[in-house]
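Enquirer: Below is the structure I would like to discuss, written out as structure tokens.
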Amino acid sequence: MKPIYLALDFADWQETELFIQSNHLQGVPVKVGMELFYREGPKVIEKLKDNGHSVFLDLKLHDIPNTVYRAMKNLGKLGVDLVNVHAWGGSDMIRAAKQGFLEGSRPGSDGKLIAVTVLTSMNTRILSEELGVPAGVDDAALHLAVLARDSGADGVVCSPLEVPMIKRHCGFSFYTVTPGIRLKNDEDQDQQRITSPAEAREYGADALVIGRSVTRAFEPKRTYEKVVKEWNDGNEKGNS
Ligand code: C5P
């Protein structure tokens with residue numbers, strides 16, 4: 001089954017554990033980002049794995065190739081499913097990341113290195129007016145996905161909207177992980193290029209990342225189950 005990584009964007013382990021236990025979400029795939037990892041360090045990954053969770057470690061590395069290589073060697077030792085870098089770091093950096101990750105990982109491990117294309121919080125105006133990138137979001141995301149593939153990445157983080165185009169150019173097996181997921185009637189918050197879980201499924205995404213729609217929901221468990229159902233079955237007629 002294609003995974004849904006629940007973004008554990010909590011301040012510390014205590015808050016994280018309380019959320020997981022009180023909502024009976026033990027063992028679901030999870031994403032650990034900067035907030036939790038910078039507070040708790042690698043031990044949080046051990047705890048989650050010990051509790052049966054598979055883990056996407058979302059630290060979005062972006063530095064000179066040698067630094068990223070050495071950092072990835074350490075991350076490889078954690079035995080996570082997915083790690084990532086910013087594709088904006090360029091081909092040498094992505095290659096160095098992959099090399100470090102492979103060298104750090106246990107032989108035979110099937111962890112993937114993926115590259116962030118254009119954050120789902122960005123749009124064409126931000127790219128052009130703030131960052132001086134004349135390409136539209138689609139072109140920039142595709143360009144970075146091709147760069148990532150050619151540099152040895154196993155896949156990308158992108159908006160579900162970009163999945164068909166990226167698969168067409170990079171191959172069907174090129175792994176696409178998609179944040180920017182919202183249920184009907186949710187607020188967009190800081191995300192821009194969003195879809196529902198059912199739409200992400202239709203676009204052919206390989207894995208979902210969902211955070212606040214579940215973690216800040218009135219009934220997180222029920223909301224999580226709704227996301228799982230939409231992701232697995234699509235939108236049935238009459239569903240709200
Ligand atoms: O709360 P929400 O569902 O918007 O959470 C999205 C999660 O995915 C956050 O943890 C964010 O850091 C992460 N993410 C993202 N866009 C990317 C890569 C990761 O929103 N391109």
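The values are calculated or read from the model by the stated rules, or taken from the named source; none is laboratory data. Just so we're clear, the structure is a prediction, and the values are computed from it rather than from any experiment. Please note: Cβ atoms are built from the backbone with ideal geometry, for glycine as well, and neighbour counts cover all protein chains shown.
Residue-by-condition table, conditions (1) within 25 Å of MET1 (Cβ to Cβ); (2) within 12 Å of the ligand (Cβ to nearest atom):
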residue: PHE37; (1), (2): no, yes
residue: ILE45; (1), (2): yes, no
residue: LEU59; (1), (2): no, yes
residue: HIS62; (1), (2): no, no
residue: VAL68; (1), (2): no, no
residue: ASN74; (1), (2): no, no
residue: ASP81; (1), (2): yes, no
residue: SER91; (1), (2): no, no
residue: ILE94; (1), (2): no, no
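Enquirer: Can you report the number of residues in region 179-215 which are part of a loop (DSSP other than H, G, I, E, B), within 10 Å of the ligand (Cβ to nearest atom), touching a helix residue (DSSP H, G or I) at 6+ places or on another chain (Cβ under 8 Å) and at pLDDT 95 or above?
Expert: Number of matching residues: 0.
Enquirer: Whether any residue in region 78-99 is over 17 Å from ASP154 (Cα atoms) and over 19 Å from the mean Cα position of the chain (by Cα) is what I want to check. If you could, list the steps in order and put the result at the bottom.
Expert: The first filter runs over region 78-99 and keeps only residues over 17 Å from ASP154 (Cα atoms), leaving 78.
Narrowing further to those that are over 19 Å from the mean Cα position of the chain (by Cα): none.
Scanning region 78-99 turns up no residue that is over 17 Å from ASP154 (Cα atoms) and over 19 Å from the mean Cα position of the chain (by Cα).
Enquirer: Report, ordered by the first and then the second residue, all pairs with beta carbons closer than 9 Å, sequence separation of six or more or different chains, a first member in region 120-148 that is more than 16 Å from LEU161 (Cβ to Cβ) and in contact (Cβ under 8 Å) with a residue 40 or more places away in the chain, and a second member that is more than 16 Å from the ligand (Cβ to nearest atom) and of a type in the set (Gly, Ala, Ser).
Expert: The qualifying pairs are LEU147/GLY90; LEU147/SER91; ALA148/SER91.
Enquirer: Can you find a residue in region 57-71 that is closer than 27 Å to GLN191 by Cα, at pLDDT 95 or above and touching a Lys or Arg at 6+ places or on another chain (Cβ under 7 Å)?
Expert: Yes, region 57-71 contains at least one residue that is closer than 27 Å to GLN191 by Cα, at pLDDT 95 or above and touching a Lys or Arg at 6+ places or on another chain (Cβ under 7 Å).
Enquirer: Before we move on, is ILE94 within 23 Å of LEU59 (Cβ to Cβ), modelled with pLDDT of 95 or more, of a type in the set (Val, Ile, Thr) and surrounded by fewer than 24 Cβ atoms within 10 Å (Cβ to Cβ)?
Expert: Against the criterion (within 23 Å of LEU59 (Cβ to Cβ), modelled with pLDDT of 95 or more, of a type in the set (Val, Ile, Thr) and surrounded by fewer than 24 Cβ atoms within 10 Å (Cβ to Cβ)), ILE94 does not qualify.
Enquirer: Among helices (runs of 4 or more DSSP H) lying entirely in region 1-117, which contain 3 or more residues that are more than 30 Å from LEU127 (Cα to Cα)?
Expert: Passing ranges, in order: 13-22, 43-50, 65-76, 91-104.
Enquirer: Residues in region 145-163: is at least one more than 9 Å from the ligand (Cβ to nearest atom), buried (at least 19 other Cβ atoms within 10 Å of the Cβ), part of a loop (DSSP other than H, G, I, E, B) and over 16 Å from the mean Cα position of the chain (by Cα)?
Expert: yes
Enquirer: Please work out which one of (1) buried (at least 16 other Cβ atoms within 10 Å of the Cβ); (2) within 12 Å of the ligand (Cβ to nearest atom); (3) farther than 21 Å from MET1 by Cα is the condition CYS170 fails and give its number.
Expert: Just one mismatch for CYS170, condition (2).
Enquirer: Determine whether region 126-140 contains at least one residue that is assigned to a strand (DSSP E or B), out of contact with any Gly (no Cβ under 6 Å at 6 or more places or on another chain) and within 16 Å of the ligand (Cβ to nearest atom).
Expert: Scanning region 126-140 turns up no residue that is assigned to a strand (DSSP E or B), out of contact with any Gly (no Cβ under 6 Å at 6 or more places or on another chain) and within 16 Å of the ligand (Cβ to nearest atom).
Enquirer: Here is a list: ASP63, ASP50. Which entry is of a type in the set (Asp, Glu), free of Cβ contacts under 8 Å to residues at least 60 places away in the same chain and either surrounded by fewer than 16 Cβ atoms within 10 Å (Cβ to Cβ) or within 30 Å of THR195 (Cα to Cα) (or both)?
Expert: Answer to the check: ASP50.
Enquirer: Let me ask something else. So which pairs qualify, if the first residue must be in region 2-22 and farther than 17 Å from ILE210 by Cα, the second must be among the polar types (S, T, N, Q), the Cβ gap must be under 9 Å, and the two must be at least 6 apart or on different chains?
Expert: GLU17/ASN51
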